[in-house]
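Visitor: Would you mind keeping the following structure in view while I ask a few things?
The values are calculated or read from the model by the stated rules, or taken from the named source; none is laboratory data. Here the structure is a predicted model, which means the values were calculated and not measured. All Cβ positions, glycine included, derive from the backbone under ideal geometry; neighbour counts span all protein chains shown. Surface areas here come from the heavy atoms of the whole protein model, side chains and all, with no ligands, DNA or RNA. Shrake-Rupley method; radii C 1.70, N 1.55, O 1.52, S 1.80 Å.
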Amino acid sequence: MSKFEVAVIGGGLAGMIAAVALARGGRTVAHVAPPSLKDDRRTTALMDQSIRFLDRLTLWEKLRPAAAPLTSMRIVDGTNRLLRAPTTTFRSAEVGLDAFGYNFPNKALMDVLEAAVAAEGNITRFTDMAETIGISKDSVTVTLTGGGEVAADFAIGADGRKSKLRETAGIDVRTWSYPQSAMVLNFTHTLPHQNISTEFHTEHGPFTQVPLPGNRSSLVWVQNPSDATARAELSLAELSNVVEERMQSILGKVEVEEGVQIWPLSGMMAHRFGKGRFALIGEAAHVFPPIGAQGLNLSLRDIMALTDLLCVHAELPIPADAGSSFDRKRRADIMTRTASVDLLNRSLLSDFLPVQVLRAAGLHVLSAIPPLRNIVMREGIEPGRGFRDIPDAIKERLKRKKA
Ligand SMILES: Cc1cc2nc3c(=O)[nH]c(=O)nc-3n(C[C@H](O)[C@H](O)[C@H](O)COP(=O)(O)OP(=O)(O)OC[C@H]3O[C@@H](n4cnc5c(N)ncnc54)[C@H](O)[C@@H]3O)c2cc1C
């Protein structure tokens, strides 16, 4: 049986990045995952903190050609409700950044990550599924579907929402559903997007255009599942007209590309994120709707925490309680992000007038008070960053008031 320091189970974006990060941090890694599927048409917006992490892993330069910067984010109230919020624009220059983050096609991310895993001397790749997993106080053993066994000091479950590691460890989950699906598509347009992402809030969820390189954008359109199915059956020309009309033609003429996909939305949170000799990351630990580009950014913070715990002293054996330390370290961030995305989504769905008043008032306050907007923008990019800077933001406002 081969023996490693870490076994990473799962080869989605979270598993690939975890394997590379742990290996570059000095640990020997067994990466147990079937070859990735090549039909993911989604794009992923990664924020500044995640980009800096990818840069530290020397992946950023390879990813950059496929990515478009996000320099402004605009929220437009596209509802027909009585109380409508003002259009609010957040600009990265206001928080001293060239861009809030970058938007990548998932396929480009996967291609670069697969090459990085293959080239990494500290990673041994097993292209089977993990069939059974044994966790003891001294080690973890993984049997593979193709036969064979792998032993490790620590296991990372990046094996998605139906995680075998989570199930084996007996970790319960809380799940919930939303009456929504996300229609995902890419389109070309005749007017330049100027690196602005525009989110139209509708009664059924957000309709979010995110820039891609050139006169091209991706769209995540959260809507009622039956509407999504009906719209997916339209011809590309008909769907292009619908998308252009929804966007009030701000990007000119729209042409939707082949490969429209529908992703049903749901939520899930594990009761624990790690214990003893294992940790759960990515969608094995937390799932929520694609609103505000939070999912993989949160997973990258899981990986950053693991790198801190397992690689700062890579010359020492992995402590037997590293998984419990991980659980404590990640709890607040995961719970806060899950709750805020859920709240934002439900505030859009709710017809309850006081909720609409609060949502509209919140956006009014954000457009009118720059220091507050500043805090919200910084928190969106990296947790703790906005609140760390409160004194400066308040100082700045007082200075301007005096002048
Ligand atoms: C429409 C949509 C848009 C999104 N947009 C954004 C965005 O803009 N920004 C952002 O940050 N996030 C975004 N997200 C979230 C992001 O895409 C996910 O967080 C991310 O893809 C999840 O990756 P994962 O690796 O955790 O899980 P998965 O992609 O589900 O990967 C799990 C992997 O584990 C493997 N596996 C399962 N069981 C086993 C086993 N027994 N043994 C070995 N391998 C196993 C599977 O084959 C799979 O490859 C979006 C999500 C959706 C649905």
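Visitor: Using Cα centres only, tell me the gap between the stretch 185-245 and the stretch 1-32 in whole Å.
Guide: The stretch 185-245 and the stretch 1-32 have Cα centres spaced 36 Å from each other.
Visitor: Any idea of the accessible area per residue across the stretch 141-182, 1.4 Å probe, to the nearest Å²?
Guide: Computed with neighbouring chains in place, this is 43 Å² per residue.
Visitor: What whole-number value in Å² describes the accessible area per residue of the stretch 1-115 for a 1.4 Å probe?
Guide: Here the residues of the stretch 1-115 average 40 Å² of exposed surface.
Visitor: Right, here's the next one. Find how many whole Å separate the alpha carbon centroid of the stretch 118-142 from the alpha carbon centroid of the stretch 267-339.
Guide: If we compute the Cα centre of each part, the gap is 18 Å.
Visitor: Taking the Cα centre of the stretch 215-307 as the origin, how large is its charge dipole in debye, to the nearest 20, when only Lys and Arg (+1) and Asp and Glu (-1) carry charge on their Cβ atoms?
Guide: 720
Visitor: Still on this structure, please answer the following. Tell me which GluC sites (Glu not before Pro) from the stretch 183-244 have a DSSP coil assignment and no more than 11 other beta carbons within 10 Å of their own.
Guide: Of the GluC sites (Glu not before Pro), the ones in loops of the stretch 183-244 whose Cβ has at most 11 other Cβ atoms within 10 Å are 233.
Visitor: Which order do peptides 137-143, 306-312 fall in by mean Cβ count within 10 Å, highest first?
Guide: 306-312, 137-143
Visitor: Please report the carbon-and-sulfur percent of the accessible area for the stretch 154-287; probe 1.4 Å, protein heavy atoms only, DNA, RNA and ligands left out.
Guide: Roughly 50 percent, rounded to a whole number.
Visitor: With all protein chains present and a 1.4 Å probe, how do 102, 178 order by accessible area, largest first?
Guide: So, going from the largest accessible area down, we get 102, 178.
Visitor: Keeping every protein chain in place, order 129, 1 by accessible area at 1.4 Å, biggest value first, i.e. largest first.
Guide: 1, 129
Visitor: Residues of the stretch 239-348: accessible area per residue at 1.4 Å, in Å²?
Guide: 41
Visitor: A follow-up question, please. From the mean inverse distance of alpha carbon pairs (Kirkwood) and the Cα radius of gyration, derive Rg over Rh for the stretch 199-293.
Guide: Radius of gyration over Kirkwood radius for the stretch 199-293 works out to 1.09.
Visitor: Given that compact globular proteins tend to follow 2.2 N^0.38 Å, what is the ratio of the alpha-carbon Rg of the stretch 42-109 to that value?
Guide: Computed over Cα atoms of the stretch 42-109, the ratio equals 1.38.
Visitor: Of all DSSP beta bridges located in the stretch 51-201, what percent are antiparallel, nearest 5?
Guide: 75
Visitor: Could you order peptides 62-72, 10-20, 113-123 by the average number of other Cβ atoms within 10 Å of their residues, highest first?
Guide: Most protected by this proxy first, the peptides run 10-20, 62-72, 113-123.
Visitor: Follow-up question, since we're still on this one. Which sequence of 110, 183 reflects their accessible areas, 1.4 Å probe, from the largest down?
Guide: If we order 110, 183 from most to least accessible, we get 110, 183.
Visitor: Which value, in Å² rounded to 10, gives the accessible area of residue 204 with a 1.4 Å probe and all protein chains present?
Guide: Rounded to the nearest 10, that gives 80 Å².
Visitor: Follow-up. Please work out how much accessible surface residue 111 shows to a 1.4 Å probe, ignoring ligands, DNA and RNA, in Å² rounded to 10.
Guide: The accessible area comes out at roughly 60 Å².
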